[in-house]
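The values are calculated or read from the model by the stated rules, or taken from the named source; none is laboratory data. Note that this is a predicted model, so its numbers are computed, not measured. We place every Cβ from the backbone using ideal geometry, glycine too, and count neighbours over all the protein chains shown.
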Amino acid sequence: MSVRASALTRAVSWIFLSAFLAVLYLPLLPPVLTSVSPGGHNPDLSGVTFRWYAELPVNPVLTGSIATSIKVALIVGLVTPPLALLGAMAVRELRLRRLLLLLLLLPLFIPGVSLGLASAFFFSQLGIQPSLWTVGVVNVMWALPFAFLIVLTAMSTFDPIYLEAAYVHGAGRLRAFLNVELPLIWPGVLGSATFSIIISFNETVRTALVQGPLNTVQTYIWSRFLQAGLTPQIYALMSVMILLTLALILGLLLGNLHRGRS
Amino acid sequence: MPRPPELLRYGLLSLPGLFVGTFLLVPAGLTFVISFWERKGFSLHPAFSFASYAAFFSGVRLEVLQISLLLAVIVTLLGLLLAYPVSYFLAYRVRPRTSRTWLFLLSVPFVINPVIRNFALAYILGRTGPVNQMVLALGLTDRPIDWLLFSNFAVVLGLVVSYVPFMIYPLWLSLAGIDRRFVEASWMLGVPPGQTFRKVTLPLSLPGIFAAAIFGFVGTFGESTVPIILGGLGYQLMGNTITSALDVLNYPSAAAMSSVVTISMLVFLLIWYRLFDIRGFMGKIVQT
């Protein structure tokens, strides 16, 4: 009896979990289906066309926004992981670590509008014009807590006794870190870089408030939607974003698998 | 007196904290200050005026605040009801390897831009969308259901779907971190499973519940795109009310509303900080 009951709960649990996953994943389908539909406004599988994609590179505002997105991704991908790494080391080595932990996780808890607005006020009061750098700062801020958590997780599997061993053998702090710890937590650092780029690639509200005349792909999509609603080209662009994000995640996953094997 | 290399080390280690302090705490403080400033024409003038707050708390926007609060509470509760069983199942009922895969699968949709996901949701719920087509095909109604889109229902659904993935991770983290021996002890003392859950597991997972609630609440309370996409024309929550104040260049008003949101969030965060040890909650990833 009890075996059957537990089998039943198990089945219900799996069904619940699968339904949950379906609800999260299904919304990824319609934009992709729409983007290859001849009509371009609804998923319509009577034919497949790539003409909406072909129209993307023609639009100079859009290509400009793609260039901006790539530059921002580079800034975020290069700046965030070292900051996250330093933060994780600070939490391990400095006093007031609880407070420091809270401070570095704080950007997670500030709503996007409030962070964007506060940054916009801050830059304008200092007389700093909106630029790639203001967008970069806001995106690094948003990506930092995620990168920080990833690096922390990676560091938690590292036993500091290895550092002690390096010190005993006469290595300085820097050398011990570079030669012993960094290679061991490197996958975590790479993961934090990829994740930061994904985060910044999918950011809209914070960026929109500090970008000035610039546009990223996301803010371009959002402003087009506010002005004219969704067009076939926008669906194509959204599909590119979805597929690119999934590809980045897949790359991350394969990299981890590969490393796990070797 | 620390030697120069030590100074450099402390300098480097304090960089992340300085970064957040300079580009988050100072701007948030500045926003609070600006909320007391006055607006003359299109420019800002330093002042100490409560005009923005008075306008906010006496006007129609107070209603926006109330609705936003109510929706945030509803979405947070719904999110917890959905996320807790999932996290519990992943923490206790599947092998660690499998649970990592599931956690990963659950977090992938979250990194896809919520704006794009909500556009898709708007299509799914629309008059000609798949849900209505299915309902019509099954003959459940003879006309498309109107309240699916541009309604409270759509906004709540959109907010729950947007923020639930955010809530699973802290819940799972605290549930997986519970020492199993407590549960086993309760079991050996003959306490039935339901009571063990209520008296042992649930209280021990409170830090995670609280953290998840903060994520859900803060995200929902300040959300500015979901009400526009799924609420339709004129649907106002705090987030898009702030952006529409910006559109008419009413900076002090936007600053005041943003401060209300930020301060309410800080209050929750402080309660969390006072009640629970974050290190205990993150025991798995922070060495103490």
query: Which is in contact (Cβ under 8 Å) with a residue 12 or more places away in the chain, over 30 Å from residue B:233 (Cβ atoms) and among the β-branched types (Val, Ile, Thr), of A:234, A:221, A:242, A:198?
result: A:198
Region B:1-43: number of residues that are touching a strand residue (DSSP E or B) at 6+ places or on another chain (Cβ under 6 Å) and among the β-branched types (Val, Ile, Thr): 0
query: Which one of these is under 27 Å from residue A:199 (Cα atoms), within 11 Å of another protein chain (Cβ to nearest Cβ) and over 20 Å from the mean Cα position of the chain (by Cα): B:116, B:124?
result: B:124
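Out of the helices (runs of 4 or more DSSP H) lying entirely within region A:101-191, which hold 1 or more residues that are aromatic (Phe, Trp, Tyr) and crowded, with 18+ Cβ neighbours inside 10 Å?
On the way: elements: A:112-125, A:132-156, A:161-168, A:173-176.
The helices (runs of 4 or more DSSP H) meeting that bar are A:112-125, A:132-156.
Condition check ((1) at pLDDT below 85; (2) over 24 Å from residue A:109 (Cβ atoms)) across all residues:
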residue: B:156; (1), (2): no, no
residue: B:167; (1), (2): no, no
residue: B:177; (1), (2): yes, no
residue: B:185; (1), (2): no, yes
residue: B:190; (1), (2): no, yes
residue: B:193; (1), (2): yes, yes
residue: B:215; (1), (2): yes, no
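State yes or no: is residue A:158 more than 29 Å from residue A:28 (Cα to Cα) and touching a residue at least 12 places away in the same chain (Cβ under 8 Å)? Talk me through it step by step, then tell me what you get.
On the way: more than 29 Å from residue A:28 (Cα to Cα): yes; touching a residue at least 12 places away in the same chain (Cβ under 8 Å): yes.
So residue A:158 passes the test.
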- prompt: Do we find a residue being surrounded by fewer than 22 Cβ atoms within 10 Å (Cβ to Cβ), more than 8 Å from chain A (Cβ to nearest Cβ), touching a residue at least 60 places away in the same chain (Cβ under 8 Å) and not polar (S, T, N, Q) anywhere in region B:237-250?
  reply: yes
statement: The residue from A:132, A:56, A:106 that alone is of a type in the set (A, V, I, L, M, F, W, C) and at pLDDT below 90 is A:56
query: Taking residue A:40 and the conditions (1) of a type outside the set (S, T, N, Q); (2) at positive phi; (3) surrounded by fewer than 17 Cβ atoms within 10 Å (Cβ to Cβ), which numbered condition does it fall short on, given that it satisfies the others?
result: (3)
- line: Of all helices (runs of 4 or more DSSP H) fully inside region A:193-262, the set with 3 or more residues that are of a type in the set (D, E, K, R) is none
- prompt: Considering only residues of region B:113-153 that are closer than 19 Å to residue B:220 by Cβ and at pLDDT below 85, which is surrounded by the fewest Cβ atoms within 10 Å (Cβ to Cβ)?
  reply: B:113
query: What is the one condition in (1) over 27 Å from residue A:177 (Cα atoms); (2) within 14 Å of chain B (Cβ to nearest Cβ); (3) β-branched (Val, Ile, Thr); (4) within 20 Å of the chain's Cα centre (by Cα) that residue A:68 does not satisfy?
result: (2)
message: Quick test for you: out of B:53, B:88, pick the one residue that is within 14 Å of chain A (Cβ to nearest Cβ) and in contact (Cβ under 8 Å) with a residue 24 or more places away in the chain.
response: B:88
query: Applying the selection to region A:12-51, what residues are more than 12 Å from chain B (Cβ to nearest Cβ) and part of a helix (DSSP H, G or I)?
result: A:51
task: Would you confirm whether any residue within region A:233-240 is surrounded by 13 or more Cβ atoms within 10 Å (Cβ to Cβ), closer than 30 Å to residue A:123 by Cβ and either small (Gly, Ala, Ser) or in contact with a His (Cβ under 7 Å, 6 or more places away or on another chain) (or both)?
output: no
